[in-house]
Structure formats: structure tokens, C-alpha cells
Amino acid sequence: GNVMNPVDSVNVPDLPPLTTVLVWTMNSLYRVVVTEGSNVYVQGGPFFRDPTSAHLEGASIEGGLLMVGRIAVGLLMELRTVDNHVVTSPVLAITTERPGDTVTH
């Protein structure tokens, strides 16, 4: 299985393609799969019933202060899709699951 790494924040453009980031917010769980740079597929919450192509804008607080490309505990996650700009409730926890992380028993 893959190693789940709990983290306080991730810089999405630094992650290898196909890294899965699980983001628990106050209201929902989002599964974010990195494609390239800040481009992702996101599934979860009220807006993304199916995996949806999106651009991760970054982490913010109410009213601004965006940390571009980042997802961070305690901040909101902002995503942009073709039709939509989505701001989640505050992030409570993040885990990353890198492709090829394996555990030997």
C-alpha cells in the first residue's frame, strides 16, 4: 500500500505528478490528484461529485492573503474550474500519498 504522510501544508507545484492529496475540511473530504504544476483533478465536497479538472489557486483566509499553490491546515483551499471558483471551509488535515511509495512487511 501507499504511505500516507500527514502534513501541515503542501506546495502543490513541488509534488510529483499523480501524487494524491487528501484534504479534510470542516465540511468535506477532497481527493486532489496532481497532474502538473498547480493543475489537479479534484473530487469531493458539494461541488466535485466526479473528478474535475481544476487549477489550485492556493490557500487563503477569509478575504484574501493567498499562499499561491499551497494547501495549508487552518486556511481555506481555493480552486478554479472552467465554470467555477470554489473556496472550501477551513482545512483540518492533509495527507499526501506519493505514487510508488510502498511499504514492505
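Quick notes on this structure:
- Close amide H contacts of E57 (hydrogens built in the peptide plane, cut-off under 5 Å, sequence separation of 5 or more or a different chain): E78, L79, R80.
- Pairwise label distance in nanometres, R98 with R80, each label 7 Å out on the Cα-Cβ vector: 2.9 nm
- Shape call, the chain: gyration tensor on alpha carbons, a/c limit 1.5: prolate
- Computed with a 1.4 Å probe over protein heavy atoms only, the accessible surface of the chain comes to 55 Å² per residue.
- Within the accessible surface of the chain, defined with a 1.4 Å probe on protein heavy atoms only, the carbon and sulfur portion equals 53 percent.
- Each residue of the stretch 56-63 was assigned a 3J(HN,Hα) from its phi angle through the Karplus expression (A = 6.51, B = -1.76, C = 1.60, θ = phi - 60°), giving 6, 6, x, 9, 8, 10, 3, x Hz with x at Gly and Pro.
- Residues in the stretch 49-89 reached by a label modelled at W24 [backbone nitrogen below 19 Å; 7 Å Cα→Cβ]: 71-77, 88-89
- Backbone HN-Hα couplings from phi across the stretch 84-93 [Karplus 6.51/-1.76/1.60, Hz, Gly and Pro as x]: 9, 10, 10, 10, 7, 6, x, 6, 9, 7
The values are calculated or read from the model by the stated rules, or taken from the named source; none is laboratory data. Just so you know, these numbers come straight off a predicted model, no measurement behind them. Because the Cβ atoms are built from the backbone with ideal geometry, glycine has one as well, and the counts that use them run over all protein chains shown. Note: areas computed on protein heavy atoms with side chains; ligands, DNA, RNA excluded. Shrake-Rupley method; radii C 1.70, N 1.55, O 1.52, S 1.80 Å.
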